[in-house]
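Structure first, then comments.
The values are calculated or read from the model by the stated rules, or taken from the named source; none is laboratory data. Everything numeric here is computed off the predicted structure, so don't read it as measured data. Neighbour counts are summed over all protein chains in view; Cβ atoms, including those assigned to glycine, are modelled from backbone coordinates with ideal geometry. For the accessible areas, the whole protein counts, side chains as well, though only heavy atoms, and no ligand, DNA or RNA atoms are used. Shrake-Rupley method; radii C 1.70, N 1.55, O 1.52, S 1.80 Å.
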Amino acid sequence: MGVEQLRFSFRVYPTPGQRTALARAFGCARVVYNDALRARETARAAGDPWPTSSDLSKRLVTEAKKTPERAWLGDVSSVVLQQSLRDLDTAYKNFFDGLKGKRSKMGPPRFKSRKDTRQAVRFTANARWSITAGGKLRLPKVGDVTVKWSRQLPSAPSTVTVVKDSAGRYFASFVVDTGDGEELPETTGAVGIDLGLTHFAILSDGTKIAGPRFLRRAEKRLRKARQDLSRKAKGSNNRGKARVKVARAHAKVADARREFHHQLSTKLIRDNQAIAVEDLSVKGLARTRLAKSVHDAGWSAFVTMLEYKAARYGRTLIRIGRFEPTSQVCSECGVKDGPKPLSVREWACEACGAVLDRDINAAVNVAKAAGLAVTACGAQVRPEPQVPAQRRETGTHPKPQPTTAR
């Protein structure tokens, strides 16, 4: 399988003094980023040569520390400032790659604001950060920060990013190199999945998994928090506190949804050797009257989890085309009898007379379109050999969970 990189996130609890030190690091990294962006935009407007990263590092970090206006840059680790310059290089590269068609289009780099609710700094091995024997995260010029470990890291991490989110929570995100030895024992199971709204997932073996509808269930609490925020005077401390309450309410919803996705995707990966899903156009569906429900379901995040877990544990994930008529074809005889309104949840095939559940029929057709021989009654299946999908990043719930490793 080769060496791959994964990202593991854990909740951290800095002391008031450590929060001040981190706020200083966030601010210094932001200032260096903005200074570098301003220098490059000024050079571009004047037709001067493009300033390289080494030139910017020398001028905006090394020499700037010697001036009274930027002497406070020396209060934070220099690695944090260097990584801020690398972030700017990445932003420019993504922008130019989008113009060349190498990736989806992105806008040009923009200046960072001190009012941004999400802040982050990254420490590489050069910063000499470490994990102490007591399990604390030792950061240069910050101190030993308490970490809420929910699992053991599979290997020594190469970098750590400290993030403060919109809800005022702090996280440590570790990048870890992983290699062979993580594949699960082979199994004969295979399954097709039809994603929906009333039921989050319908499996080709007839299993229906209810949609948790986390956002819908939290709407009353979110509405009250937003109303309280709207009544606070702009710029006041009370408005800042109310904004954090709104952010925390949304974060609670997002955490619950992510945990549900992790548990379900892990179960499917462990029980099946091959999994087939439909490549849905989530962006298109999000422009319809079902937009809120589509975003609440989080289909894209769920399929992404299936994708990287399949690659990590030696499973096969197959995506079928979004225009495959899975709801129009009888899974018993293969006759296509045209589209049906969403209100039709059960129908009888005019050719063979089979009475079909719309969702289960679609899940069986998803599996068949991917080359998996399945039936709705849970018969034996036969997966076709496929190339595993590329792995993505992974994370953990901010609080310890008694569930098995994902």
**OP:** Could you grab me the full set of residues in segment 41-74 that are open to solvent by less than 80 Å² (accessible area, probe 1.4 Å) and touching a helix residue (DSSP H, G or I) at 6+ places or on another chain (Cβ under 8 Å)?
**Re:** P51, S53, L56, S57, L60, V61, A64, K65, R70, A71, L73, G74
Original post:
Quick one: is T288 open to solvent by 40 Å² or more (accessible area, probe 1.4 Å), in contact (Cβ under 8 Å) with a residue 12 or more places away in the chain, of a type outside the set (K, R) and not in a strand (DSSP E or B)?
Top reply: no
Original post:
Say we look at segment 301-341 and pick out the residues that are in a strand (DSSP E or B) and within 30 Å of A254 (Cα to Cα); which of these is most open to solvent (accessible area, probe 1.4 Å)?
Top reply: R319
Subject >> Exclusive hit being part of a helix (DSSP H, G or I), crowded, with 19+ Cβ neighbours inside 10 Å and among the basic types (K, R), set R270, R258, R216 >> reply: R258
**OP:** Could you grab the pairs with beta carbons closer than 9 Å, sequence gap of 6+ or different chains, first residue in segment 333-346 and free of Cβ contacts under 8 Å to residues at least 24 places away in the same chain, second one open to solvent by less than 60 Å² (accessible area, probe 1.4 Å) and basic (K, R)?
**Re:** K340/R358; L342/R358; V344/R358; R345/R358; E346/R358
Original post:
Any residue in segment 26-40 that is part of a helix (DSSP H, G or I), among the acidic types (D, E) and over 20 Å from Q119 (Cβ atoms)?
Top reply: no
Original post:
Just checking, how many residues over segment 173-229 are among the charged types (D, E, K, R) and in contact with a strand residue (DSSP E or B) (Cβ under 7 Å, 6 or more places away or on another chain)?
Top reply: 4
Original post:
Do we have any residue at all in segment 342-353 that's within 20 Å of D279 (Cα to Cα), assigned to a loop (DSSP other than H, G, I, E, B) and in contact with a Pro (Cβ under 6 Å, 6 or more places away or on another chain)?
Top reply: no
Subject >> Failed criterion for R86 (all others in (1) in contact (Cβ under 8 Å) with a residue 60 or more places away in the chain; (2) open to solvent by 40 Å² or more (accessible area, probe 1.4 Å) hold) >> reply: (1)
